[in-house]
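Q: Can you keep this structure in mind? I'll have questions shortly.
The values are calculated or read from the model by the stated rules, or taken from the named source; none is laboratory data. The structure displayed is predicted, hence computed values, not measured ones. Cβ coordinates were reconstructed from backbone atoms using ideal geometry, including for glycine residues, and neighbour counts include every protein chain displayed.
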Amino acid sequence: MNEEQTTDYAIKLDIFEGPLDLLLYLIKKNEIDIYNIPVALITEQYLQYLKMIKSLNLDLAGEYLVMASTLIHIKSRMLLPEPEEPEEEEEDPRAELVRQLLEYKAFKEAAANLSQRPILERDVFTRAALLPEETEKAPSDEEELVEVSIFELIEAFHRLVTRLDKKELMEIDLEKMSVTDIINEILDRLSSEKNVTFDELLGEIKSRRRIVYTFLALLELIKLRMVKVYQATAFGVIRIFPAVEMEA
């Protein structure tokens, strides 16, 4: 069995984030001025992310491909030579995209602020999970845990997959597993251990199949708002916490 055909289980990425989220993430990651986007660089990185998403068995929403076409079109327009004597000043090809990003960013920040306000009868049936620093495996005071975005997760998991020995991809893997099985494993571990790292979830056997199934299980749990994922530093250890306190 070729390990490239990992599973027919797919998750639509649009239930988590959209193409504008990915663009904002790339702008922030590269510390770019949103009013002066280097389209060639962002287009290249955007297309790389689409390849990573497909390699991890995620079902790309059509809007991601539309945005890819838009970026390529803008890039091609910016490569065209300017006319020697333009009749009228043309608008920057990036202007409409910048307007969309600024508008989306404003709404996203407003929604985030509203979500942090107390809501009547909210969380009546659940108890809040222990804060990461209150748990047994919390990092030292010098480390600050930051919640990981979906795109940072994709990067981290793609790095794990590509680090595997290519010989392993041709090995026959008879291990029986499903995404549901991995979800139950994660919940069982969190019930007894309160928080776990991704490496601890994988165990000693780190096959491509196991990594992708665990990744998909985590995405499903994030979608259901049952877990939260944190990192102390960029490219650091990924640590998973329950979204609400779980009974052992």
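Each row is one residue, and each column tells you yes or no for (1) assigned to a loop (DSSP other than H, G, I, E, B); (2) over 30 Å from VAL179 (Cβ atoms).
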position	(1), (2)
TYR25	no, no
ILE32	yes, yes
ASN36	yes, yes
ALA40	no, yes
GLU44	no, yes
LEU47	no, no
LEU65	no, no
THR70	no, yes
HIS73	no, yes
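Q: With the structure loaded, tell me whether GLU144 is at pLDDT below 80, surrounded by fewer than 18 Cβ atoms within 10 Å (Cβ to Cβ) and not in a helix (DSSP H, G or I) or whether it fails that test.
A: Answer is yes for this residue.
Q: Any residue in region 48-67 that is surrounded by 14 or more Cβ atoms within 10 Å (Cβ to Cβ), modelled with pLDDT of 95 or more and either assigned by TED's automatic domain parsing to the domain that holds TYR213 or among the β-branched types (Val, Ile, Thr) (or both)?
A: Taking every residue of region 48-67 in turn, none turns out to be surrounded by 14 or more Cβ atoms within 10 Å (Cβ to Cβ), modelled with pLDDT of 95 or more and either assigned by TED's automatic domain parsing to the domain that holds TYR213 or among the β-branched types (Val, Ile, Thr) (or both).
Q: Evaluate the following for ARG99: is it at pLDDT 80 or above, more than 26 Å from SER207 (Cα to Cα) and either part of a loop (DSSP other than H, G, I, E, B) or among the basic types (Lys, Arg) (or both)?
A: It is true that ARG99 is at pLDDT 80 or above, more than 26 Å from SER207 (Cα to Cα) and either part of a loop (DSSP other than H, G, I, E, B) or among the basic types (Lys, Arg) (or both).
Q: Show the residue pairs that are 6+ apart or on different chains and have beta-carbon atoms under 9 Å apart, the first residue being within region 24-35 and aliphatic (A, V, I, L, M), the second being assigned to a loop (DSSP other than H, G, I, E, B).
A: Going by the 9 Å Cβ cut-off, the qualifying pairs are LEU24/ILE34; LEU26/ILE32; ILE27/ASP33; ILE27/ILE34; ILE27/ILE37; ILE32/PRO38.
Q: Continuing with the same structure: Could you pull out the residue among ALA156, ALA217, ALA232 that is of a type outside the set (Val, Ile, Thr) and at pLDDT 85 or above?
A: Sole residue among the options that is of a type outside the set (Val, Ile, Thr) and at pLDDT 85 or above: ALA217.
Q: Tell me, which residue of region 167-206 that is over 20 Å from the mean Cα position of the chain (by Cα) and surrounded by 19 or more Cβ atoms within 10 Å (Cβ to Cβ) is modelled with the lowest pLDDT?
A: Among residues in region 167-206 that are over 20 Å from the mean Cα position of the chain (by Cα) and surrounded by 19 or more Cβ atoms within 10 Å (Cβ to Cβ), the one modelled with the lowest pLDDT is LYS194.
Q: Here is a follow-up. What are the residues in region 225-239 that are within 15 Å of the chain's Cα centre (by Cα) and farther than 15 Å from ALA156 by Cα, if any?
A: Answer for region 225-239, where residues must be within 15 Å of the chain's Cα centre (by Cα) and farther than 15 Å from ALA156 by Cα: ARG225, VAL227, LYS228.
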